[in-house]
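One structure below.
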Amino acid sequence: MNYESTQEIELAIAQNYGWKQNLIVPNISWGLLDYEADIIIMSKAGIVTEIEIKTSRSDLIADSFKSHKHKSNLVKYLYFSIPRKLEKSISYIQENAGIYIVETNGNVKKERNATTNPDFIKLKKEQRYNLARLGTMRIWNLKQRLHESIQSYKNFIKAFENKNMRVKND
């Protein structure tokens, strides 16, 4: 891994924040915010941090034109996470956002602190439950896809073995 893809950066951020200490949910596109968030992290204290992942300069530029500006009263801190190769493109990141740079070895360096959202309100009990529910939905979808992939692999191996057996018998 060189930690330049979205998935690699997600893993680095989750490790950095600690998935045992925090509720970390990737790809929130409905059910909590009015816009899509790459990663939502909620601490035990109910503090919500949004991580927006960008992997290209054009992606950073395009984000600056989004009307929502990643502004929600449910998010206390907003961070952008970028691979080291985008370090020279930091100027495209909005001023209130903190910046994480992910090194090619997966280490995460905080380049800039996020500004505290003065309108932040902690999630209500129902919203916390919903965030946890959205996270567990991801797990079951991944388990289903993993199961299907394993079954497909087993079928491939079985077909390969059967073909080899026929070749040996001929």
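Within segment 3-25, the set of residues being farther than 9 Å from ILE41 by Cα, open to solvent by 40 Å² or more (accessible area, probe 1.4 Å) and touching a helix residue (DSSP H, G or I) at 6+ places or on another chain (Cβ under 7 Å) comprises GLU4 only.
Residue-by-condition table, conditions (1) under 20 Å from VAL25 (Cβ atoms); (2) open to solvent by less than 10 Å² (accessible area, probe 1.4 Å); (3) modelled with pLDDT of 95 or more; (4) in contact with a strand residue (DSSP E or B) (Cβ under 7 Å, 6 or more places away or on another chain):
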site	(1), (2), (3), (4)
ILE40	yes, yes, yes, yes
ALA45	yes, no, no, no
VAL48	yes, yes, yes, yes
LYS54	yes, yes, yes, yes
ILE61	no, no, no, no
PHE65	no, no, no, no
LYS69	no, no, no, no
VAL75	yes, yes, yes, yes
ARG84	no, no, yes, yes
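Scanning segment 111-170 for residues that are among the aromatic types (Phe, Trp, Tyr) and under 19 Å from LEU33 (Cα atoms), we see that the one that is modelled with the highest pLDDT is PHE120. If I filter segment 107-132 down to residues being without any contact (Cβ under 8 Å) to a residue 60 or more places away in the chain and basic (Lys, Arg), which single residue comes out as least open to solvent (accessible area, probe 1.4 Å)? Checked segment 107-132; the qualifying residue least open to solvent (accessible area, probe 1.4 Å) is ARG112.
For segment 90-106, filtered to residues that are out of contact with any strand residue (DSSP E or B) (no Cβ under 8 Å at 6 or more places or on another chain) and over 16 Å from ILE51 (Cβ atoms), the residue that is most open to solvent (accessible area, probe 1.4 Å) is GLU95.
The values are calculated or read from the model by the stated rules, or taken from the named source; none is laboratory data. All figures in this text were calculated on a predicted structure; none of them were measured in a lab. Glycine gets a Cβ as well: all are built from the backbone with ideal geometry, and neighbour counts include every protein chain shown. Just so you know, the surface numbers come from the protein's heavy atoms only, side chains and all, with ligands and any DNA or RNA stripped out. Shrake-Rupley method; radii C 1.70, N 1.55, O 1.52, S 1.80 Å.
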